Amino acid sequence: MEKKITYSLGLKLTIVVMLMSLTIGFFVVFAAFQIYNYHIFDRYTTQGEYLVQAASEVIEWDDILYYLETLDQDERYLATIAELRLLAESADAEYLFVQYPTESGSIYVYDTDNTNRRYSLGDFVAWSPEMREHLDELMAGEKFDPVVADEGFGELFSIYQPFTDSAGEVVGYLGADYSIDLMEAQKWEFISRLSVAMIAVSVVITLLFLIILTRLVIKPIKEITSAANDYLVEDEIQDEKSSIAKLSIKSKDELQLLTQSLQLMERKIKEYLLSLNDANRRASVDAMTGLMNRTTFKREVSSYLEQVRRKNGYQAYLMIDLDNFKDVNDTWGHIVGDEVLIACAHEIRSHFRSSDLVARLGGDEFAILYKDVPSKDELEKRITEVCNALRKLSFSHHEIAITVSGGAMISENKIAYYRHLYEHADKALYEAKEAGRDRYVIKH
């Protein structure tokens, strides 16, 4: 039960930490994705501007209008195309191009595509909706922000830069196209790596937490639980330290407070049990003489007789009564009377075995269950010894002569019941008193 509880607690807390770290990791990845998504366009914008600037130095801008008029792809034109292609490949650009703007569209001068899917010298292309939004800027030869558009070659991220000839006239825009698919692939690669890293960090954090949890929480809880379980199965209060008292948890937190509370509770329980045991003891004995009281004696005798019911043997029930004890109280007072009762109780107890049951039934009347009586002669001998010893008792400063009357019933186990023994012993005691006291009568 102990392991199940502590393991369950550890598992629950570990799951919570794992979920928390994964949740935090998710938000970190999400935030990183947003930041990366924003900055990747800045990075490609900057990269594209550098590429456009480098490409502009390859192009002879004074020749742009000449090529538009003649459509002559001479050796110099082809050499420029070749250099532009090398620049595009080195910068991971899909295309580098130069176009001449008009009100309705653009005329291409250079395009690095070598598959004949796109545009050649002199091709006219109408403006896309995205480019129409920048028509005024295009016609004014102004620079504008990059544009994302799909013109039949996949979605492209395009950077445009206007250039002029030696006379200062705008002769075209040099542009660089980057594939959105490439940019997305880079984003998802970044997110994938970051996600793997965050999962690894979450696992490491969880493992570290589990180690710390085991040392700081689970282990002390197991110690406390084990000590509590051991304490619960203890049969009696012992003088040496219990398992709870031996606990030494110095964590300076709630676990230490719990340990101290358990130890305080244990002390209170022990005090209560000691008090309860003392109360039970006081409830079962005669307060004056320390012998069993009537109720306890009856219960113990009945229990014992049930145990020996099927065994061979005899049990004797003795009753002893001090003769004329009222005169002692009347003459010498109750304090002296109590002294006499205590002395008689001690003397009676000393003449029987520790296994025999001795009680004060009340007043000056005592009862004994003499177990496993060997014979009637042995019983008579024992009663005679007790009566003689009581007669010989002396008390300082008081001349008190003690005589006693006794009645006894000896019976076989199979017919020995408390009521049966008590009634016959009481009748024998009555007969002894009727016969003049200071004697005993035995019935069987």
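The values are calculated or read from the model by the stated rules, or taken from the named source; none is laboratory data. Bear in mind the structure is a predicted one, so any value in this text is a computation, not a measurement. Glycine also receives a Cβ, built like all others from the backbone with ideal geometry; neighbour counts cover every protein chain displayed.
Residue by residue, here is whether (1) of a type in the set (Val, Ile, Thr); (2) surrounded by fewer than 17 Cβ atoms within 10 Å (Cβ to Cβ); (3) under 27 Å from Ile180 (Cα atoms); (4) free of Cβ contacts under 8 Å to residues at least 24 places away in the same chain holds:
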{"residue": "Phe30", "(1), (2), (3), (4)": "no, yes, yes, yes"}
{"residue": "Ile35", "(1), (2), (3), (4)": "yes, yes, yes, yes"}
{"residue": "Glu49", "(1), (2), (3), (4)": "no, yes, yes, no"}
{"residue": "Val52", "(1), (2), (3), (4)": "yes, no, yes, no"}
{"residue": "Gln73", "(1), (2), (3), (4)": "no, yes, no, no"}
{"residue": "Glu89", "(1), (2), (3), (4)": "no, yes, yes, yes"}
{"residue": "Asp92", "(1), (2), (3), (4)": "no, yes, yes, no"}
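Would you check which residues across the range 48-80 are out of contact with any helix residue (DSSP H, G or I) (no Cβ under 9 Å at 6 or more places or on another chain) and among the aliphatic types (A, V, I, L, M) and list them?
Passing the criteria: Val52, Ile64, Leu65, Leu68, Leu71, Leu78, Ala79.
Can you name every one of the helices (runs of 4 or more DSSP H) wholly within the range 75-150 that holds 2 or more residues which are of a type in the set (A, V, I, L, M)?
The qualifying helices (runs of 4 or more DSSP H) are 75-90, 135-140.
Which of the numbered conditions does Asp111 fail, given that it passes all the others? Conditions: (1) touching a Lys or Arg at 6+ places or on another chain (Cβ under 6 Å); (2) touching a residue at least 40 places away in the same chain (Cβ under 8 Å); (3) not hydrophobic (A, V, I, L, M, F, W, C).
All conditions pass for Asp111, except number (2).
Could we say that Asp356 is more than 25 Å from His444 (Cβ to Cβ) and out of contact with any Asp or Glu (no Cβ under 6 Å at 6 or more places or on another chain) here?
In short, no.
Output the number of the condition that Asn329 fails; it satisfies all remaining conditions of (1) part of a helix (DSSP H, G or I); (2) in contact with a strand residue (DSSP E or B) (Cβ under 8 Å, 6 or more places away or on another chain).
So Asn329 meets the others, but not (2).
Would you confirm whether any residue within the range 369-378 is touching a His at 6+ places or on another chain (Cβ under 7 Å) and within 25 Å of Arg419 (Cβ to Cβ)?
So far as the range 369-378 goes, yes, one or more of its residues are touching a His at 6+ places or on another chain (Cβ under 7 Å) and within 25 Å of Arg419 (Cβ to Cβ).
For the range 362-377, name all the residues that are farther than 16 Å from Asp323 by Cβ and in contact with a strand residue (DSSP E or B) (Cβ under 9 Å, 6 or more places away or on another chain).
Within the range 362-377, Ala367, Ile368, Leu369, Tyr370, Lys371, Asp372, Val373, Pro374, Ser375, Lys376 meet the criteria.
Considering each of Leu194, Leu174, Leu210 in turn, give the residue that is buried (at least 16 other Cβ atoms within 10 Å of the Cβ) and not in a helix (DSSP H, G or I).
The match here is Leu174.
Basic (Lys, Arg), surrounded by 14 or more Cβ atoms within 10 Å (Cβ to Cβ) and in the same structural domain as Trp332 (by TED's automatic domain parsing), is that true of Arg419?
In short, no.
Out of Ala428, Ala416, which single residue is within 60 Å of the chain's Cα centre (by Cα), among the hydrophobic types (A, V, I, L, M, F, W, C) and under 24 Å from Ser303 (Cα atoms)?
Of the residues listed, the single one that is within 60 Å of the chain's Cα centre (by Cα), among the hydrophobic types (A, V, I, L, M, F, W, C) and under 24 Å from Ser303 (Cα atoms) is Ala416.
Just to check your reading of the model, which residue among Val98, Val170 is within 17 Å of Ser56 (Cα to Cα) and either outside the structural domain of Gly48 (by TED's automatic domain parsing) or at pLDDT below 95 (or both)?
After ruling out the rest, the residue left standing is Val170.
Determine whether Ser394 is farther than 24 Å from Tyr417 by Cα, in the same structural domain as Leu305 (by TED's automatic domain parsing) and exposed (fewer than 14 other Cβ atoms within 10 Å of the Cβ).
yes
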